[in-house]
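The next block holds one structure in the form of structure tokens; read it before the comments.
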Amino acid sequence: MTIKKLSRRKFIEALGTAGAISVVPWLPANIAQAKSAGRIIIVGGGYGGATCANYLRQYDPGLEVVMVEASKKIVTCPFSNTVIGGIYKINQLTHGYGGLKKNGVKVINDLVTNIDPSEKKIRLKSGETLKYDRLVISPGIDFKWELIDGYDEAASRIVPHAWKAGEQTVLLRKQLEAMPDGGKVLIATPPKPFRCPPGPYERASLIAHYLKKHKPKSKIIILDANKKFSKQGLFTQGWKKLYPGMIEWIQGSDTTEIESLDVKSRVLKTTFGQTFKADVMNVIPAQKAGVIAHRTDLVNEYGWCPVDQRTFESTKHKHIHVIGDASVAGAMPKSGYSANSQAKVCAAAIISSLRSVPMPEPAYSNTCYSLISPDYGISVAAVYRLKDNKIAKVSGGVSPTKASKRFRRDEADHARDWYRGVVEDSFAAKVKI
Amino acid sequence: MRINRVGLPLLLLLTSSLFMTTPSANGIERVKILAGNCSTCHGPQGQGYEVIPRIGGLDKDDILKLLKDFKSGEETSTIMDRHAKGYTQQEMEQLADYFSKME
């Protein structure tokens, strides 16, 4: 009797202090929280795929989430320019999937060779087939190799693109180390849209940071495919301040493209008849959605994947969602951070759909820091909402043009923390930089 | 009899609380979507890093005041002004409440 009364009082006290939520653990799990039956397969373990897998499990710990990724580790594109500039080592940007596994994600290291949207199954290189209830594809980018005569995957082992981090990043770094003082570096940028809009310009900055210290007579040329670029005012201002005379930007035009590249002699020709020769070349080709998206007929005429921008479900195949660089996501840039944001919205959309409840109104964001030097950071940030079924910017912008040295240093410090954050939030991994 | 004395209120409580929590437990609460925009920089538990501050477990009113001041420009920042302008008063309140309950 006494015991019962006591326990009842305690029970009510607990209710009073912690509120009604404290009742939930008393209930059987299937009543306490609605579970969504089903298997979700994620194709691709980059920012989009990993975040989606991670958040699906967080939103619904009962869900079976399988992530298929060919590589055992991710080398992040964000911050890879710091390796090229000699600030960090590639292993500091290399992260395993152990954290995701700990969060209950099943990670399969294999390559998806075929997707059958009508049968809702995927085939792996190993020969295994897997059925899914919902499929999320986050395949990143591939290159339109056919546009530059003489440049293909094999040629990129001589003239790197370094637009997928890893061996390519290290190769470009080694070539810069081997270059004599007074050498010429050429960075050719791709036409829009491409992964990481400020990336080529951050790269030029951090190469300049290295050259200024070690090979100060050297020059950098940016051969741009476009008329203007991301954070242009801020980059130009930073270059003038930190690297006067070192970086030359050649503006693109509608009529000029790279026509051919001879990787052995490092000579590049444009359709306008100009010829460029450099000691170190970095040619970043035009881009399209990753190859599996093409093979599955998920792309539009430009090579990107149209989606319902509320749920990221493909407009071409039901129950397949496409997130990250490969998707057409309104005003959002193609960035790892965007992919992370889209992945969370997509995870909420999938769970809502499986439970046949309305999904919450989405909100998306992007934040990208660029380092002009280790002590000089600039940023772009935005919050997005769905307006007329398109992702539209509601706030944001770039760092102020007028800012103190201290402000730029603060932003550089924030950039390092931003990297720690976005990696932990996406891959459940701790960064050591 | 004894069972009824204890059991009935208990059952009522359970039922009412179940009714109260079902709508949010069934779908994903919207604040989680909003908070997802914060955790990317502030960390999955809002724990913060070296210069990006902790927001998890702070006082609700403090978080709310900061967000409002970032939005109005009263509080200087490097980037939070650009983010805060993207949220309504109500959303800021939800976010402040959500992060204040984190450990």
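The values are calculated or read from the model by the stated rules, or taken from the named source; none is laboratory data. Quick caveat, the model's predicted, so the values are computed rather than measured. All Cβ positions, glycine included, derive from the backbone under ideal geometry; neighbour counts span all protein chains shown. Quick note on the areas: whole protein, heavy atoms, side chains included, nothing else; ligands and nucleic acids left out. Shrake-Rupley method; radii C 1.70, N 1.55, O 1.52, S 1.80 Å.
Students sometimes get this wrong: rank A:294, A:414, A:321 by accessible area, probe 1.4 Å, all chains present, largest first.
Per-residue accessible area, sorted high to low, gives A:294, A:414, A:321.
What are the equivalent ellipsoid semi-axes of segment A:203-296, built from the alpha-carbon gyration tensor (square roots of five times its eigenvalues), in whole angstrom, biggest first? Working shown, then result.
On the way: eigenvalues 135, 64, 46 Å².
So the equivalent ellipsoid measures 26, 18, 15 Å along its semi-axes.
Could you order the peptides A:307-316, A:148-157, A:44-53, A:77-86 from most to least packed, using the average number of other C-beta atoms within 10 Å per residue? Intermediate values should be presented prior to the final figure.
Numbers: A:307-316: 20.1, A:148-157: 15.7, A:44-53: 30.4, A:77-86: 24.3.
The most tightly packed comes first, giving A:44-53, A:77-86, A:307-316, A:148-157.
Which aspartates and glutamates does residue A:334 reach when only Cα atoms under 19 Å apart count, and residues fewer than 8 places away in its own chain are ignored?
A:142, A:202, A:224, A:301, A:308, A:313, A:325, A:425
Can you tell me the dipole magnitude for segment A:355-405 around its Cα centre, using point charges on the Cβ only (Lys, Arg +1; Asp, Glu -1), in Debye to the nearest 20? Walk me through the intermediate numbers first.
Numbers: 7 positive and 3 negative charges, 23 e Å.
Here the size comes out at about 100 debye.
Given the C-alpha centroids of segment A:268-292 and segment A:373-431, what is the distance between them in whole angstrom?
Value for the Cα centre distance between the two parts: 29 Å.
As an exercise, identify the trypsin sites (Lys or Arg not before Pro) in segment A:48-118 lying in DSSP coil whose Cβ has no more than 13 other Cβ atoms within 10 Å. Numbers along the way, then the final one.
Details: sites: A:57, A:72, A:73, A:89, A:101, A:102, A:106; in loops: A:72, A:89.
Listed in order of number, the matching sites are A:72, A:89.
Go through segment A:367-372 residue by residue and turn each phi into a ³J(HN,Hα) via Karplus (6.51, -1.76, 1.60, θ = phi - 60°); whole Hz please, and just put x for glycine and proline.
9, 10, 9, 10, 9, 8
What total accessible area, in Å², is buried where chains A and B meet, using a 1.4 Å probe and rounding to the nearest 100?
Numbers: alone 20310 and 7940 Å², together 24120 Å².
In total, this chain pair buries about 4100 Å².
Can you give the charge dipole size of chain A about its Cα centre, rounded to the nearest 20 debye, using +1 on the beta carbon of Lys and Arg and -1 on the beta carbon of Asp and Glu? List each step's numbers first, then the result.
Numbers: 64 positive and 39 negative charges, 310 e Å.
The dipole of chain A has a size of about 1480 debye.
For segment A:70-91 and segment A:163-196, what is the centre-to-centre distance using only Cα atoms, to the nearest Å?
The two parts, judged by their Cα centres, are 13 Å apart.
Distances longer than 35 Å among the Cα atoms of chain A: what percent of all pairs is that? Each step should come with its number before you reach the end.
On the way: 31891 of 93528 pairs.
Tail of P(r) above 35 Å: 34 percent of Cα pairs.
Kindly give Rg over Rh for segment A:79-225, based on alpha-carbon atoms, with the Kirkwood expression for the hydrodynamic radius. Spell out each step's value before the answer.
Numbers: Rg = 19.4 Å, Rh = 18.3 Å.
Reported Rg/Rh, Kirkwood definition of Rh: 1.06.
How long is segment A:40-98 along each principal axis, judged by its Cα atoms, biggest number first, in Å?
Its Cα atoms span 44, 21, 17 Å along the three principal axes.
With a 1.4 Å probe and all protein chains kept in place, how much accessible area does residue A:181 have, in Å² rounded to the nearest 10?
Using a 1.4 Å probe on the heavy atoms, I get roughly 70 Å².
Looking at this model, which pairs from A:184/A:215; A:72/A:432; A:393/B:65; A:390/B:101 are more than 21 angstrom apart at the alpha-carbon? The partial results should precede the final answer.
Details: A:184/A:215 11 Å; A:72/A:432 19 Å; A:393/B:65 24 Å; A:390/B:101 33 Å.
Over 21 Å Cα-Cα: A:393/B:65; A:390/B:101.
What distance in nm separates the two pseudo spin-label positions at residue A:301 and residue A:157, each 7 Å out from Cα along the beta-carbon direction?
Taking the two extended label points, one gets 3.8 nm.
Using heavy-atom solvent-accessible surface (probe 1.4 Å) with all chains present, what is the largest-first order of A:118, A:353, A:373?
Numbers: A:118 100, A:353 55, A:373 15 Å².
Largest accessible area first, the list is A:118, A:353, A:373.
Accessible area of residue A:112, 1.4 Å probe, to the nearest 10 Å²?
About 10 Å², ignoring ligands and nucleic acids.
May I ask you to rank B:76, A:367 by accessible area, largest first, using a 1.4 Å probe over the protein chains only?
Working: B:76 115, A:367 0 Å².
From most accessible down to least: B:76, A:367.
Starting from the exponent 0.38 and prefactor 2.2 Å, build the expected Rg for segment B:29-100 from its residue count and divide its actual Cα Rg by it. Walk me through the numbers before you get to the answer.
On the way: Rg = 11.0 Å, N = 72, 2.2 N^0.38 = 11.2 Å.
Dividing the Cα radius of gyration by 2.2 N^0.38 Å gives 0.99.
Distances longer than 23 Å among the Cα atoms of segment A:334-433: what percent of all pairs is that?
Numbers: 1926 of 4950 pairs.
So the pairs more than 23 Å apart make up 39 percent of the total in segment A:334-433.
For a 22 Å ceiling on Cα separation, which of these pairs sit above it: A:131/B:32; A:231/B:85; A:227/A:264; A:106/A:164? Walk me through the numbers before you get to the answer.
On the way: A:131/B:32 29 Å; A:231/B:85 20 Å; A:227/A:264 29 Å; A:106/A:164 25 Å.
Over 22 Å Cα-Cα: A:131/B:32; A:227/A:264; A:106/A:164.
Using 1/(1 + (r/R0)^6) with R0 = 30 angstrom and r between the beta carbons of residue A:192 and residue B:88, what's the FRET efficiency to the nearest 0.05?
Details: r = 32 Å, r/R0 = 1.08.
After rounding to 0.05, the efficiency reads 0.40.
At 1.4 Å probe size, what's the solvent-accessible area of residue A:192? Round to the nearest 10 Å².
Residue A:192 has an accessible surface of roughly 120 Å² with all protein chains in place.
Going through the DSSP H helices of chain A, which span 18 Å or more along their own axis at the Cα atoms while scoring at least 0.0 as a mean Kyte-Doolittle hydropathy? Can you show the working numbers first?
Details: long enough: A:2-18 (24 Å, -0.22); A:199-214 (22 Å, -0.74); A:336-354 (27 Å, 0.67); A:405-427 (33 Å, -1.58).
Span-like helices in chain A: A:336-354.
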